[in-house]
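Structure record follows, encoded as structure tokens.
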Amino acid sequence: MSTTARAAVLNGVDESFVFEDVVLQDPRPDELLVRIVAAGLCHTDLAVQHGHIPSAFPRVLGHEGAGIVERVGADVTGFAEGDHVAVSFASCGRCENCLAGRPAYCLQFMLLNIGGVRADGTGTMALPDGGEVVGSFFGQSSFATHALVAARNAVKIDKDVPLELVGPLGCGIQTGAGTVLNSLGVGAGDALVVSGTGAVGLSAIMAAKAAGATTIVAVDVLPERLEAAKRLGATHLVDGKVDDVVDQIKAATGGVGAEYALDTTAIPAVIGNLVASARFGAKVATVGVPKPDAVAPVGLFSGSGVTLVGAIEGDAVPQTFIPKLLAMYKAGEFPFDTLVTTYPFDEIEKAIADTQSGAAVKAVLVMP
Ligand SMILES: [Zn+2]
Ligand SMILES: [Zn+2]
């Protein structure tokens, strides 16, 4: 018995989303059918919409899904009908990196998350007339009322946490917090610079504060974002539009620069400023999706001892990391709920416009 879902379908680069029915296959033995309650909007969805990540079309995007398990594949253990879940990125579970506890670097990451298919190459959905539509975006395609997901991608969530909040833990918020806590290993007394204070950057700032970092420098061009950064733990604010960004960051970090930096903008000049202002031997992480022709400022690395880390999904194992973030949230140390603005599903275009203007930090679409 297949499932008909209402989905936001993208028919090509720079097009608007249109609402259509799609037909999901029955769950395979290792899969779950999840009734999506809410799904976050992430810049990676917009990177596909604008052609920065190549994709086949028509396609159903959405990769920060949260919902309720409706059907459980025959071989799945640990999940039952009615469980609340957040759905995170897909990984194979069998490659060297998955086995080493680094599923964000799964050797099949691109196939399983961007490729639109399961590991065996099969798709998960079709149009009602049998026509092709590409699903499986990050193993879910959660801009829809239902999603077919591998049980391996799902994280069980306590029922006292609203499902409208938890979807973004599966990607954007996990990325910001995980890059600070896992990829960089920021700790007590450390200094961190964060460029771009959207959902990822603000999550990074909250995590750095929770970890005991004592100098947290936020760089952004939007005054209201810098104010949000200050509320959430930034100790110094730098207007990214000024000419002396590098000098201001250095001044905020004792003249020697910070030992850690995180770029969320993927803009080469901004990354260059972070490297130029970083401490000798610093670690600089970058997590955004650059334009295809973006080039790193190699001259700034030479002789600096700086390591550039291309971090994916905060180096997280979602099944252990997301519960930690929720424990921090419940303890009042990770107020990620303050980042979320909800929109009815049919207002997806408004949610995108508000995300692009900066009016919304983390837009979450709530299903009818
Ligand atoms: Zn793998
Ligand atoms: Zn994402």
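The values are calculated or read from the model by the stated rules, or taken from the named source; none is laboratory data. Computed from a prediction, not measured in an experiment: that's the story for all the values here. Cβ coordinates were reconstructed from backbone atoms using ideal geometry, including for glycine residues, and neighbour counts include every protein chain displayed.
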Selection over segment 131-149 where residues are within 16 Å of ligand 2 (Cβ to nearest atom) and free of Cβ contacts under 8 Å to residues at least 12 places away in the same chain yields a count of 0
Those residues of segment 68-92 which are away from ligand 2 (no atom under 16 Å from the Cβ), surrounded by 15 or more Cβ atoms within 10 Å (Cβ to Cβ) and part of a loop (DSSP other than H, G, I, E, B), in sequence order: 73, 76, 79, 83, 92
Qualifying position, being among the basic types (Lys, Arg), assigned by TED's automatic domain parsing to the domain that holds residue 237, in contact (Cβ under 8 Å) with a residue 24 or more places away in the chain and in contact with a strand residue (DSSP E or B) (Cβ under 7 Å, 6 or more places away or on another chain), among 291, 283: 283
Those residues of segment 199-212 which are surrounded by fewer than 24 Cβ atoms within 10 Å (Cβ to Cβ) and either outside any helix (DSSP H, G or I) or among the small types (Gly, Ala, Ser) (or both) amount to 210, 211, 212
Looking only at segment 72-102, which residues are free of Cβ contacts under 8 Å to residues at least 60 places away in the same chain and within 16 Å of ligand 1 (Cβ to nearest atom)? 92, 93, 94, 95, 96, 97, 98, 99, 100
Residue 272 being touching a residue at least 24 places away in the same chain (Cβ under 8 Å), crowded, with 21+ Cβ neighbours inside 10 Å and not aromatic (Phe, Trp, Tyr): no
Please find, among 93, 51, the residue that is over 23 Å from residue 343 (Cα atoms), modelled with pLDDT under 95, assigned by TED's automatic domain parsing to the domain that holds residue 141 and of a type in the set (Gly, Ala, Ser). 51
Residue 64 being in the same structural domain as residue 110 (by TED's automatic domain parsing), surrounded by fewer than 18 Cβ atoms within 10 Å (Cβ to Cβ) and under 18 Å from residue 88 (Cα atoms): no
Is at least one residue of segment 221-236 assigned to a helix (DSSP H, G or I), more than 19 Å from residue 360 (Cα to Cα) and either among the aliphatic types (A, V, I, L, M) or at pLDDT 95 or above (or both)? no
I'd like the residue in segment 44-67 that is among the small types (Gly, Ala, Ser) and assigned to a loop (DSSP other than H, G, I, E, B) and, out of all such residues, is farthest from ligand 1 (Cβ to nearest atom). 51
So if I check each of 158, 190, 129, which one is under 26 Å from residue 84 (Cβ atoms) and among the acidic types (Asp, Glu)? 158
Strands (runs of 3 or more DSSP E) within segment 303-368 that include 1 or more residues closer than 30 Å to residue 21 by Cα: 340-344, 362-366
Does residue 128 fit the bill of being surrounded by fewer than 20 Cβ atoms within 10 Å (Cβ to Cβ), over 19 Å from residue 55 (Cβ atoms) and in contact (Cβ under 8 Å) with a residue 12 or more places away in the chain? yes
Subset of segment 96-125 that is in a helix (DSSP H, G or I) and either within 16 Å of ligand 2 (Cβ to nearest atom) or among the hydroxyl-bearing types (Ser, Thr, Tyr) (or both) - its residue that is surrounded by the fewest Cβ atoms within 10 Å (Cβ to Cβ): 110
